[in-house]
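Visitor: Handing you this structure, nothing more for now.
The values are calculated or read from the model by the stated rules, or taken from the named source; none is laboratory data. Every value quoted in this text rests on a predicted model; they were computed, and no experiment measured them. Note that each Cβ is placed from the backbone with ideal geometry, even for glycine, and that neighbours are counted across all protein chains shown.
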Amino acid sequence: MIAGLVLAVLATLAFGALLAVALDGRLAILAAQGARQRVETEAPDRLNRDLAPAWYLALAAIGLSVVPFAEGAALIDSPVGIVVWGSCEALIVVTVFLHGWSPNAPFPLIGAYRYAAIGLPVLLPSMFVLIAAALPAESLSFVAIVDSQRELWNVIRQPLGLPLFCIVALALTLRGPMDYADAADIATGTSAEESGPARVLWDIARAAMLVSVSAIAATVFLGGPLGPVLPGPVWLWLKIAGLMALFVLGGRRIARTTPSRMLSILWVILLPLSFLHLAISGVLAL
Amino acid sequence: MTDLIVSLLAAFAAWTGWRVFRVDSMVRASFSLMLSFVAVGGIGVVLSAPYIGIATIFMMAVEMMVMAIFMVMFMMNPAGLNPMVMVHQHRISIAAGLLAATGLGVAILSTPLPSNPVPAEAPVVAQLGHELLGPSMLIFETAGVTLLATMIGAVILSSRRGRFGAADEGARPPGLDPGGPPAGRRPESGGGHHHHGGHS
Amino acid sequence: MQTFVILAGWALLAALLARQGMKAAASSAPQAAPFLGGGTPDSHAWQRYHFRPYTMALVFIAFEMEMMFMYPWAVVFVSEGLTALAEMGMFLAILSVGILYGWREGVFRWE
Amino acid sequence: MTLIIVLLGAAALIGIGLYGALSQQSFVMLMMGLELMLNGALLAIIGFWSQALGGMPEGQLLAILVMAVMAVEMAVGFALVVAIYRKRQADMTESIGTLKQ
Amino acid sequence: MGMSPLARLALRAPVPVFAAIGPGRQADVERLLARRGLRRALTPRDAAVLLLAGDLPPDAMEPLGRVHDQVPRPRRILRWTDRTETGDAVADRLATAWRGLCGGEDGDDDLQPDAPSNAWRGVGPHGQGGTGMMGGTPYGRPMAMTGLDIRDGLQLDRYTARLGPFAPMLPPGLVLELTLQGDVICDAGVVCPPFAQPADADAPVLCSARMLALLGLEDAARRVIRGGRPGALWLRGAVPRGLGRIEGGGDARERLAGYLAGTPAALAVPPLPELLSGLEWAEAMLVLASLPPSSILRATRLREAA
């Protein structure tokens, strides 16, 4: 059982990351980049530079491990699944920061701090949205959250949830209008000094994180493995793929505003919105 | 098995805690403290305190991120490019630390400890929730007020625009000649600019 | 226990992959110089970095503690009913005052 | 047995934290020492709650309060650091002493 | 040919080009790099081919060497000096060079001597190149020193660097000496004015594409250059109101709207340092991109004349 779930997580991550890279049209680019030289910078923090992509990848795997692939079958069937995912989100901010800090170069440094400024407040709407989903389930476990959507998916019951979580997802995967860590005005930011396999591994980790975030969104809002006719895992994979396409294609078409403006938007618009979302979900759940 | 993992994690927590004061880079110091917290959270998970354990990791990851930001902001030589020890009363501190640790250790080993483990599969999170909303409601709301006071205090202390004008006004004495360096302060020289590190 | 082993397992696996999959970085001195579009820096990039929204970060760590109380609250919300709604409403209202105050003082901007 | 291991670990953390809080010249590093001591306290609370108190909910509440104390300590501590730095351009404990004059 | 599937896949990748644009060639290169099969790398670390367009003045040769050496190996430099050579021909040459590099050809060697910027080995108690807290040149570079901040008066470190002439977010040829605290520009000075470009570089299409690229819409920028619609949401809204306001020229948001509608901007730009200092990095780059290259050139000359 456990071995099967480990395999399921690994396979989902691998094929999902492949799909994400393909959706971005970057398969050939990564293949070419992987064979090139890996450049060292002046006096870097070598340990963190090597390990930052690995932590990002590990967090993606951990995030996917709390997702139930079939009803009641999650690799980490934790009673506090939401909190596990929350810790993953917080550690993602740390990881991206380390990735930008470690090369000791100006553009990655600006990207790292920019991401810390945006990534931290992004955690707030994310947590409120997930807690709102936990209310009708009366549990913090993803298995119970799936169970609570048997009659009605959360995407309909809590209509503000998925749009808010989309913003979080884009921020966590450094994508679209929320890619403050690797923007064009700072020459791809935290990755500006990376080349060769290190750059490829970071991109793969980002793709894997996209799989993970989509899986969480599919579980929390689209009923996860629930669905007629087809078996549970297939439904989950379909929903993950759909959400990934939404994030990739949608993220590409929205402009990114300046970080200072986004910070105000996060606190002044998105945080009150997530309060409102929580209040509505609370009243409806009673 | 549980004992083995717990002792490994406890040793890891202590080792990373020790590294905090031994690494040169402030970023590494902050995140080594974070690893120490993560290990404690891990012990919590192993000892059937899933909520407290994981939430420790969550909260501390965020707090240590902020810690790292402030460490780099205010520490001289934040990346430890020139390794340097910035300590005072070093011997006394080591003695105090050792004394505290051994004293507590002896006390632990010599006291008969009660044994009443938490029952497996107990709904610990729900118990905590009922506790918060019921008997400890006052503590819960007081915590809210305390956090509010903290937020307001932090804003007042750290932001420049106070009700009474810019907070740094008067911090720089006026220059001897207009636009010149502030009076009564050593002129800024390269290299040794506010150099406090004479205690090692 | 099992949870812990899985978490540690993923981290170890990823770290091994990174260590094995990447050869050590190497470069000549001009190659290692930080990229500035052909320009040169005067100093190391690592510095006392002025993080602009620092007041926001302080407000954030105080505000974010409310999560610790909220997770257990969410579990018992339905069974406690209106009490839970009222108590958390009050708690969040108290904290919102802090956010509003911070907003009025302009801390959610690049300082 | 488990409880003894946990408490010994907590004692070690408190000892290291005390060393840090006493020895560090810089105010921010001193706060790291305090956090480490609170970490030890947190570990001891988790151990007691899990092994000796039979899962009393108050134990978990205490752990949460320790974390709240850490957050408050950090927020107020760093706000003080900012305020002092603005006045004195210094981050050392000694220069806080001179601020009183 | 015994190529692995991965290598064969790599051959189909668009050529990663870092562009070093010389006088008069900005519009040509921007149009060229919007083609299919080519990809504009924003940092030399991401590139394999360095495209040098135009004849550089002698003082730009050393920066070119720096950028060239930052491209990871194997790498190739391609010159596009002949004005009559068509974009198709250059694209072909780029593709050939890329195929060669993928096929295992050796690339160019470093142009700069292999020596650190300062001697540092053996100095200091740990051999790190410095003594004391802030002294010396650890690892060959000095550490940043403090200075008063312009926004909130905290005396934190200042990072001074010369940026350009081949920085992808600046107009080609412009070298700015910038002093940053965090990501806010505290001080800006023009070291070299941008290279003169023909009026073609001021085309509204290219100006809007530059702004779109900074807003994270590279695909939209390519579509616009090829003559299509940007096909993106929240374009004008993403530019903060009042950013880079110039008397008689509106703000950056209005200029973007104008470019998208196809009207070129005619501006009397204030001197560049005044325009940039005090702005956050992303805002400053947006302001710069919102100005047509000819106005930026005039703005830098203004300061020289004064």
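Visitor: Listed residues B:L81, B:L9; which is out of contact with any strand residue (DSSP E or B) (no Cβ under 6 Å at 6 or more places or on another chain), surrounded by 24 or more Cβ atoms within 10 Å (Cβ to Cβ), free of Cβ contacts under 8 Å to residues at least 60 places away in the same chain and not in a helix (DSSP H, G or I)?
Guide: Numbers: B:L9 fails: not in a helix (DSSP H, G or I).
When all the criteria are applied, what remains is B:L81.
Visitor: Can you pull out every residue in region E:57-77 that is within 16 Å of the chain's Cα centre (by Cα) and outside any helix (DSSP H, G or I)?
Guide: E:V71, the sole residue that qualifies.
Visitor: Between a residue in region B:41-69 that is facing chain A (nearest Cβ under 9 Å) and over 27 Å from B:A122 (Cα atoms) and any residue that is in a helix (DSSP H, G or I) and of a type in the set (S, T, Y), which pairs come within a Cβ distance under 7 Å, given they are 6 or more apart or on different chains?
Guide: As it stands, the answer is B:A61/A:S87; B:M64/B:S30; B:A68/B:S30, since those pairs meet every condition given.
Visitor: All but one of (1) out of contact with any strand residue (DSSP E or B) (no Cβ under 9 Å at 6 or more places or on another chain); (2) modelled with pLDDT of 85 or more hold for E:R236; state the number of the condition that does not hold.
Guide: Failed condition: (2).
Visitor: Same structure again: Checking A:L226 against (1) at pLDDT 90 or above; (2) within 20 Å of A:V67 (Cα to Cα), which test does it fail?
Guide: (1)
Visitor: When region C:73-111 is examined, which residues are found to be more than 8 Å from chain B (Cβ to nearest Cβ), among the charged types (D, E, K, R) and in a helix (DSSP H, G or I)?
Guide: C:R104
Visitor: Is there a residue being farther than 23 Å from B:L133 by Cα and acidic (D, E) anywhere in region D:34-56?
Guide: Checked against the condition, which is being farther than 23 Å from B:L133 by Cα and acidic (D, E), region D:34-56 yields at least one hit.
Visitor: Enumerate the pairs (first residue in region E:175-199 and on the phi > 0 side of the Ramachandran plot; second residue anywhere and of a type outside the set (A, V, I, L, M, F, W, C) and in a helix (DSSP H, G or I)) with beta-carbon separation below 7 Å, excluding pairs fewer than 6 apart on the same chain, so at least 6 apart or on different chains.
Guide: Pairs found: E:G182/A:Y113.
Visitor: Then there's this: Does E:D152 satisfy the condition of being in contact with a strand residue (DSSP E or B) (Cβ under 6 Å, 6 or more places away or on another chain), without any contact (Cβ under 8 Å) to a residue 40 or more places away in the chain and assigned by TED's automatic domain parsing to the domain that holds E:E274?
Guide: Here the answer is no, as E:D152 does not meet what is asked.
Visitor: Taking the criterion of being closer than 30 Å to A:G119 by Cβ, among the hydrophobic types (A, V, I, L, M, F, W, C) and out of contact with any strand residue (DSSP E or B) (no Cβ under 7 Å at 6 or more places or on another chain), would at least one residue in region B:131-142 satisfy it?
Guide: Yes, that holds for at least one residue.
Visitor: Further, regarding this structure: Looking at region E:214-243, which of its residues are free of Cβ contacts under 8 Å to residues at least 60 places away in the same chain and of a type in the set (G, A, S)?
Guide: Correct list: E:G216, E:A220, E:G227, E:G228, E:G231, E:A232, E:G237, E:A238, E:G242.
Visitor: Hey, could you check region C:26-72 for residues that are facing chain E (nearest Cβ under 7 Å) and assigned to a helix (DSSP H, G or I) and say which is farthest from E:S117 (Cα to Cα)? Working first, answer last.
Guide: Here is the first cut: in region C:26-72, the residues facing chain E (nearest Cβ under 7 Å) are C:28-31, C:33, C:35-45, C:47-52.
From the residues that got through so far, the ones that are assigned to a helix (DSSP H, G or I) too are C:29-31.
Values: C:A29: 8, C:P30: 9, C:Q31: 12 Å.
Filtering first and then ranking leaves C:Q31.
Results for (1) more than 30 Å from B:M64 (Cα to Cα); (2) in contact (Cβ under 8 Å) with a residue 60 or more places away in the chain, shown as yes or no for each residue.
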residue	(1), (2)
A:N48	no, no
A:L57	no, yes
A:P68	yes, yes
A:S87	no, no
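Visitor: May I pose another question? Are there any helices (runs of 4 or more DSSP H) wholly within region A:89-208 with 3 or more residues that are more than 9 Å from chain C (Cβ to nearest Cβ) and without any contact (Cβ under 8 Å) to a residue 40 or more places away in the chain, and if so which?
Guide: Result: empty, no element qualifies.
Visitor: Looking at (1) of a type in the set (G, A, S); (2) surrounded by fewer than 24 Cβ atoms within 10 Å (Cβ to Cβ); (3) over 25 Å from A:F165 (Cβ atoms), can you tell me which one A:A70 breaks?
Guide: (3) is the only condition that A:A70 fails.
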